[in-house]
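These notes are about the structure you will find just below.
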Amino acid sequence: YGTPFVWAALFIVGFLKFNFGWLITVAMAIALSGANLYGYWKCSSDQKAKFQQMMQQGAQMGAMHALRSGLFGMMASAGAPNASGGSQPSAATYV
C-alpha cells in the first residue's frame, strides 16, 4: 500500500533538485502504482463477498449431495432381490 507514497516522495525530491528528466519516469511510476493499488483494493473487497457466496453455495451443494446419496443408498440397500432369489449382485459388475 505504500508504493504510491514512496514514488510521491521521490517526485518531490526530484522536483526540489530540479531533476526534471526523472520526473517523467517518477510520474509514470506514480500513475501505474496508483492504478495497481486501486485495482488490488477493488478486487480484494469484491473477492470477500464472492468467496462467502461460493462457500455458502458449496455447503448447500454438499448437503444436497449427502441427502441424495443417503436417500439413494438406502433405496439401493433395500432393493429388490435379483433373479436368483437373493440380493447378491449379478456377475456382470463394472469397475
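General remarks:
- Subset tally (residues that are free of Cβ contacts under 8 Å to residues at least 12 places away in the same chain and among the polar types (S, T, N, Q)) for region 1-35: 2
- Filtered residue count, region 32-45, keeping only those that are open to solvent by less than 60 Å² (accessible area, probe 1.4 Å) and among the aliphatic types (A, V, I, L, M): 1
- Among the residues of region 1-21, the one identified as in a helix (DSSP H, G or I) and of a type in the set (Ser, Thr, Tyr) is THR3.
The values are calculated or read from the model by the stated rules, or taken from the named source; none is laboratory data. If you're wondering where the values come from, they're calculated on a predicted model, not measured in any experiment. Methodologically, a virtual Cβ is constructed for each residue, glycine included, from the backbone with ideal geometry; neighbour enumeration extends over all protein chains shown. Each accessible area value is taken on the protein alone, full model and side chains, heavy atoms only, with ligands, DNA and RNA left out. Shrake-Rupley method; radii C 1.70, N 1.55, O 1.52, S 1.80 Å.
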